[in-house]
Amino acid sequence: MSQLDETLLRLGSVEPLEHESLSHYLGRLRRLKANSLPSAHALGQAAGIGGITARWEKLYFNPFPTEAELGAISRLIGLDTGRLQEMLPNRGMTLQPRPIRLCGACYAEVPCHRMAWQHKDIAAVCPHHPLRLLERCPSCKKPFQIPALWTDGKCYHCEMRFTSMVKYQERSKKTS
């Protein structure tokens, strides 16, 4: 049995959350107890597509993921390719991969990073709530880690919960 076959036998799957970004999903997938994937590179290797998944976890989608790459991940985890495509930005949309943004109100509804927060055209205002997106922890002022590293829904430095950050988000004056 090849190493890839052994990985396939051990690899578990996790259901994507509504509006979840691919970065956040891949981090959750790798950390699933049934999996033994210490890095995004290891996930790409197990799928036979190299280290491209490490770029995806950092929200770098240039070049954009191909059907073949998404298909390889899809086969590895038993998830429909369409579900993976839903976690990507639209092809014509420009992303701002840094700083990582967060809406505490959205996170309280569905605890995941949303790709919509990184869209360059949204002017740092949540598209679902009239609140400015946070670009750093309001308590310790540290920038947020890439979503793939979000493990417990809190700041990696001071451990302030993402859900409690909503009270620090300014109400936007702009009406949509």
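Read-outs: derived from the displayed coordinates by stated rules, not from any lab. As the structure is a computational prediction, the values presented were derived from the model and not from experiment. So basically every Cβ, Gly included, is an ideal-geometry build from the backbone, and we count neighbours across all protein chains shown.
Observations, loosely collected:
- Look at the Cα gyration tensor of segment 1-143: its axes a ≥ b ≥ c give a/c of at least 1.5 with a/b over b/c, and that counts as prolate.
- Karplus-derived 3J(HN,Hα), 6.51/-1.76/1.60, for each residue of segment 46-61, Hz, glycine and proline x: 4, 7, x, 10, x, x, 4, 5, 5, 5, 4, 5, 8, 6, 9, 10
- Between the amide H of ARG114 and those of SER21, distances stay under 5 Å, these residues lying 5 or more places away or on another chain, with hydrogens modeled in the peptide plane.
- With a Förster radius of 30 Å applied to the beta-carbon distance between LYS167 and LYS120, the computed FRET efficiency rounds to 0.70.
- Amide H within-cut-off set for LEU131, under 5 Å, with H built and near neighbours excluded: CYS126, SER172
- Rounded if a/c under 1.5, otherwise prolate or oblate - segment 3-86, Cα gyration tensor axes: rounded
- Unpartnered cysteines - no second Cys beta carbon under 4.7 Å - across the chain: CYS112
- Choice from ARG91, ARG101, ARG132 with maximal GNM fluctuation in the chain (Cα, 10 Å cutoff): ARG91
- Linear extension gain, GLU15 paired with ARG31, 0.36 nm per residue minus alpha-carbon span: 4.4 nm
- Residues whose amide H falls under 5 Å from that of HIS119, counting only those 5 or more places apart or on a different chain, are GLN96, with hydrogens built in the peptide plane.
- Among the listed pairs LYS33/LYS58; LYS58/LYS142; LYS33/LYS142, those beyond 26 Å (Cα-Cα): LYS33/LYS142
- Virtual paramagnetic centre 7 Å along Cα→Cβ of THR94, amide N under 19 Å, in segment 26-66: 59-64
- Positive minus negative residues near ARG136 (Lys, Arg vs Asp, Glu; Cβ under 10 Å): +2
- Near HIS157, once Lys and Arg are set to +1 and Asp and Glu to -1 for all other residues with Cβ below 14 Å from its Cβ, the sum equals +3.
- Likely footprinting exposure, GLU20, GLU15, fewest C-beta neighbours within 10 Å first: GLU15, GLU20
- 3J(HN,Hα) along segment 161-166: 5, 4, 5, 7, 6, 4 Hz, from the Karplus curve 6.51 cos²θ - 1.76 cosθ + 1.60 with θ = phi - 60°, whole Hz, x for Gly and Pro.
- Loop-located chymotrypsin sites (Phe, Trp or Tyr not before Pro) in segment 55-161 (DSSP state not H, G, I, E or B) with no more than 10 neighbouring Cβ atoms inside 10 Å do not occur.
- Anisotropy class of segment 58-117 from Cα gyration tensor, a/c 1.5 cut: oblate
- Taking the Cα centre of segment 3-86 as origin and assigning +1 to Lys and Arg Cβ atoms and -1 to Asp and Glu Cβ atoms, the resulting dipole is close to 340 debye.
- Selection from LEU17, GLN45, ASN62 lying farthest towards where the dipole of segment 3-86 points positive, charges on Cβ: GLN45
- Spin-label model, MET160 to GLN85: label points 7 Å out along the Cα-to-beta-carbon direction sit 4.0 nm apart.
- For the chain, the relative contact order works out to 22 percent when only alpha carbon pairs closer than 8 Å and six or more residues apart are counted.
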